[in-house]
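The values are calculated or read from the model by the stated rules, or taken from the named source; none is laboratory data. Here the structure is a predicted model, which is why all the values come from computation and not from measurement. Neighbour counts are summed over all protein chains in view; Cβ atoms, including those assigned to glycine, are modelled from backbone coordinates with ideal geometry. The area values use the complete protein model at the heavy-atom level, side chains included, leaving out ligands, DNA and RNA. Shrake-Rupley method; radii C 1.70, N 1.55, O 1.52, S 1.80 Å.
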Amino acid sequence: MSETTCDSNGTPLSDGDSVTLVKDLKVKGTSVTLKRGTLVKNIRLTGDPDLIECRAEKVKDLVLRTEFLKKA
């Protein structure tokens, strides 16, 4: 049984959705901080319902936790 991937508000997410960050996030291994309200387009779901893959402004191939996202 596969679990549904949901954002911080419980809204189901699917491949290709756009999401907005609800908190400033420091990106490990870089000096980049993704600001609250940043729009991330075209997300990809992973096998883990708590994680998504995406590309943000200056960072390629980023994995974000769904607890810091809301559907745009």
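Summary table
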item	result
Residue identified as open to solvent by less than 30 Å² (accessible area, probe 1.4 Å), out of contact with any Asp or Glu (no Cβ under 9 Å at 6 or more places or on another chain), closer than 13 Å to LYS71 by Cβ and not acidic (Asp, Glu) among LEU21, LEU25	LEU21
Subset of the range 43-56 (residues that are more than 17 Å from SER8 (Cα to Cα) and surrounded by 12 or more Cβ atoms within 10 Å (Cβ to Cβ))	ARG55, ALA56
Looking only at the range 41-72, and only at residues there that are part of a loop (DSSP other than H, G, I, E, B) and aliphatic (A, V, I, L, M), the one that is nearest to the chain's Cα centre (by Cα)	ILE43
Matching residues in the range 29-40 - criterion: being touching a residue at least 24 places away in the same chain (Cβ under 8 Å) and either closer than 17 Å to GLU3 by Cα or under 12 Å from the mean Cα position of the chain (by Cα) (or both)	LEU34, LEU39, VAL40
Check on SER14, in contact (Cβ under 8 Å) with a residue 24 or more places away in the chain, under 11 Å from the mean Cα position of the chain (by Cα) and open to solvent by 20 Å² or more (accessible area, probe 1.4 Å)	no
